[in-house]
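Structure first, then comments.
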Amino acid sequence: VDKAFRDDFDTPGVLTALSDLIKDMNKYLEAVEISDTHKVIALVVRRAGLFVTKILKVLGLIPDNSGVEMGFPFDGTDDVNREEALAPILDVLMSFRSTVRDAARAKDMKGVLTACDEFRDDDLPPLGIRLEDKTGTSVWKLEDAAKLVLEREQAIAQKLQKEEEKRKAVEIAKLKEEAAKINPIEYMTQ
């Protein structure tokens, strides 16, 4: 994580390192669970959780004044409500991470960029999250999901309309080119 932060604040690298830490902690907990001789060292698990929370606060994903020592702040008191609230976002993040990792392993940089664009344009708006690319950074905003989906649909419709106009212009140019090839005498007799 420290290395990624020092590398021009490499946020994807930070998130990958955090994800790897969480994965390793889950493997540790699973190994201890099936072992008869080993017990969970709570201090290790707690320190990992505190570290992840601290980094998420640094990234602005958890407000500093949230009053939460570890984990995400949540207004609900029921863990089921918390899981229901976070599940769509976490599902999208995990899918995005898998896509990016697969493309990176295949050294497909275009695939990585395409996945980033699809994440921004297709995955986040239905969740009510607007991600805007700024010069050298990106910012997120929480907005009405229906509004964001409508904006996306309008952008797609405009793109399709422009493509259709371009196709028609090419077709007209082609017809004019073909007409220009006709002998003038034959053209006048048509």
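Using a Förster distance of 45 Å, how high is the FRET efficiency between Glu165 and Phe51, based on the Cβ-Cβ distance and rounded to 0.05? It would help to have the intermediate numbers written out before the result.
Working: r = 54 Å, r/R0 = 1.19.
After rounding to 0.05, the efficiency reads 0.25.
Can you give me the relative contact order of the chain as a percent, contacts being Cα pairs under 8 Å and 6 or more apart? Present the calculation step by step, with values, prior to reporting the outcome.
On the way: 100 pairs, mean separation 14.8, N = 190.
Here the relative contact order equals 8 percent.
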(request) Would you please give the FRET efficiency between Ala85 and Asp36, computed as 1/(1 + (r/R0)^6) with r the Cβ-Cβ distance and R0 = 35 Å, to the nearest 0.05? (result) 0.40
(request) Return the distance in nm (one decimal) between the two label points of a simple spin-label model at Met109 and Ala179, each offset 7 Å from Cα along Cα→Cβ. (result) 4.6 nm
(message) Which lysines, if any, have their Cα less than 23 Å from the Cα of Lys134, not counting same-chain residues under 8 positions apart?
(response) Lys57, Lys110, Lys147, Lys159
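In what order, largest first, do Thr53, Thr11 sit by accessible area if the probe radius is 1.4 Å? If you can, show how the numbers build up before the last one.
On the way: Thr53 5, Thr11 50 Å².
My answer, sorted largest first, is Thr11, Thr53.
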(message) Taking all protein chains in place and a 1.4 Å probe, what share, in percent, of the accessible surface of segment 1-136 do carbon and sulfur account for?
(response) 56 percent
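For the chain, what is the accessible area per residue in Å², given a 1.4 Å probe and the full set of protein chains? All intermediate terms of the calculation are to be shown ahead of the outcome.
Details: 14690 Å² over 190 residues.
It amounts to 77 Å² per residue over the chain.
The values are calculated or read from the model by the stated rules, or taken from the named source; none is laboratory data. The model shown is predicted, which means the values in this text are computed figures rather than measured ones. Glycine also receives a Cβ, built like all others from the backbone with ideal geometry; neighbour counts cover every protein chain displayed. Only protein heavy atoms, including side chains, enter the accessible area calculation; ligands, DNA and RNA are left aside. Shrake-Rupley method; radii C 1.70, N 1.55, O 1.52, S 1.80 Å.
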